[in-house]
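Student: Sharing a structure, written as structure tokens. Questions coming.
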Amino acid sequence: KVNAEIYHSQRATWLNENILTYQTNIKRKHFFNSMVGVTLQNSDYEYYSFKTTNIPNESLGMAGMNEGIPSTTSSEKSSWSMMSYLGRVNYNYMSKYYATASFRVDGSSKFAKKNRYGLFPSASLAWNFSEEDFMKEYKSILSNGKLRASWGLTGNNRVGEYEAYALLKMAKAASNNLPSGVYPFENNQNSIGMVPISLANKDLKWETTEQLNVGLDLGFFDERIGINVDWYMKTTRDLLLDASLPYSTGYYSAMKNVGKVRNSGLEFTLNTININRNGFRWSTNFNIAFNKN
């Protein structure tokens with residue numbers, strides 16, 4: 001038995017980014033770095049294949065496909081696009097105080113019009129207290145000391161291209177029985193119609209993750225000893241889930257925003273340089289993390 005199959009698959013993606021940055025300082029004390037931008041992205045996908053079985057003359061190769069028994073024909077076409085606005089401002093005062101504020105506005109074709117765009121801001125603060133005047137006499141001991149905190153939102157749209165919409169599929173007549181969507185028309189001739197295969201969910205929206213971090217960085221004896229401590233709390237809301245549906249709906253499942261998940265914990269890292277001379281270096285690293293879900 002000789003079988004043959006031919007298929008074609010193609011994905012075309014383009015990305016356009018437009019970024020404007022600006023840097024300045026005031027009296028060599030206040031340093032600013034800002035950025036704004038707009039990005040556009042699109043992806044098109046297509047696939048089709050044809051298969052035949054029991055080809056009688058294998059010497060013809062693929063040219064003999066028309067002599068076989070048609071088996072499977074499949075095809076697919078999809079497209080998605082994104083549009084984003086973004087901006088960020090960094091501030092630094094004499095390498096002592098740091099502040100950052102940023103935002104993203106992302107729009108995805110995967111969601112219905114009313115939920116297409118999501119706003120995701122973030123902010124962070126840091127205090128490099130080892131650069132303060134009252135710490136200079138301890139510089140030989142505490143070479144680096146920084147206290148930092150950050151907060152931000154991020155979005156997730158990783159679902160199928162058309163999960164928010166009701167999809168239709170053309171029914172095909174089987175050899176012995178006729179599936180739904182095939183109906184008699186004009187002298188009882190079988191006609192092929194469209195059948196719904198998914199429920200629309202116009203309320204489908206971005207999954208959002210909120211994270212809060214507080215951290216402390218310490219370096220001793222010209223960074224021979226380094227300590228990093230981080231506490232975090234991460235909460236993901238409106239999780240995108242292919243949720244089961246009651247069979248009475250006529251569908252097995254639908255993509256929905258369901259529930260939330262929270263992770264919080266503490267991370268600790270200790271780095272040491274024990275020996276570093278005469279071409280020989282010995283360093284150690286220890287870390288431990290505690291997470292609550």
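The values are calculated or read from the model by the stated rules, or taken from the named source; none is laboratory data. Remember, predicted model here, so these are calculated numbers, not experimental data. Positions of Cβ are generated from backbone atoms using ideal geometry, with glycine treated the same way; all protein chains shown enter the neighbour counts. Quick note on the areas: whole protein, heavy atoms, side chains included, nothing else; ligands and nucleic acids left out. Shrake-Rupley method; radii C 1.70, N 1.55, O 1.52, S 1.80 Å.
Student: Scan the stretch 59-99 for residues that are open to solvent by less than 40 Å² (accessible area, probe 1.4 Å), farther than 30 Å from E161 by Cα and either touching a Phe, Trp or Tyr at 6+ places or on another chain (Cβ under 9 Å) or assigned to a strand (DSSP E or B) (or both) and report the count.
Tutor: Qualifying residue count for the region: 4.
Student: Here is a follow-up. Could you check how many residues of the stretch 253-293 are among the charged types (D, E, K, R) and without any contact (Cβ under 8 Å) to a residue 12 or more places away in the chain?
Tutor: Total meeting the criteria: 2.
Student: Another question, if that's okay. Looking only at the stretch 1-24, count every residue that is more than 28 Å from the chain's Cα centre (by Cα) and either open to solvent by 60 Å² or more (accessible area, probe 1.4 Å) or under 30 Å from P70 (Cα atoms) (or both) and tell me the total. Give the steps one after another, and end with the answer.
Tutor: Quick first cut of the stretch 1-24, residues more than 28 Å from the chain's Cα centre (by Cα) only: 1-7, 22-24.
Now narrow it down to the ones that are either open to solvent by 60 Å² or more (accessible area, probe 1.4 Å) or under 30 Å from P70 (Cα atoms) (or both): 1-7, 22-23.
Qualifying residue count, the stretch 1-24: 9.
Student: Please find, among G87, G61, G68, G107, the residue that is out of contact with any helix residue (DSSP H, G or I) (no Cβ under 7 Å at 6 or more places or on another chain) and within 20 Å of M255 (Cα to Cα).
Tutor: It is G107.
Student: Can I ask one more? State which residue is least open to solvent (accessible area, probe 1.4 Å) when the search covers only the stretch 229-260 and only residues that are among the β-branched types (V, I, T) and over 18 Å from L199 (Cβ atoms).
Tutor: T235
Student: Six or more apart or on different chains, Cβ under 7 Å: which pairs go from a residue in the stretch 173-202 that's modelled with pLDDT under 75 to one that's open to solvent by less than 60 Å² (accessible area, probe 1.4 Å)? Could you list them?
Tutor: If the second residue must be open to solvent by less than 60 Å² (accessible area, probe 1.4 Å), the pairs left are A173/V182; P179/A171; S180/A171; S180/V195; G181/A171; G181/G193; G181/V195.
Student: Starting from the stretch 78-102, keep only residues that are in contact (Cβ under 8 Å) with a residue 40 or more places away in the chain and under 22 Å from E17 (Cα atoms), then list their pairs with residues that are outside any strand (DSSP E or B) and among the small types (G, A, S) whose Cβ atoms are within a distance under 8 Å, requiring at least 6 positions of separation or different chains.
Tutor: That search, which allows pairs on different chains as well, returns S79/S109; W80/S109; S81/S109; M82/S109.
Student: Just for the stretch 107-166: of the residues that are among the charged types (D, E, K, R) and assigned to a loop (DSSP other than H, G, I, E, B), which one is most open to solvent (accessible area, probe 1.4 Å)?
Tutor: Once the filter is applied, the top-ranked residue is R158.
Student: Follow-up. Look through the stretch 196-224, keep the residues that are among the hydrophobic types (A, V, I, L, M, F, W, C) and within 22 Å of I275 (Cα to Cα), and return whichever of them is surrounded by the fewest Cβ atoms within 10 Å (Cβ to Cβ).
Tutor: Residue satisfying both the conditions and the ranking: F221.
Student: While we're looking at this one, here's another question. Might you let me know whether the stretch 32-53 holds any residue that is over 30 Å from R116 (Cα atoms) and without any contact (Cβ under 8 Å) to a residue 12 or more places away in the chain?
Tutor: no
Student: Let me ask something else. Condition check: more than 28 Å from the chain's Cα centre (by Cα) and open to solvent by less than 70 Å² (accessible area, probe 1.4 Å). Does T39 satisfy that?
Tutor: The answer is no for T39.
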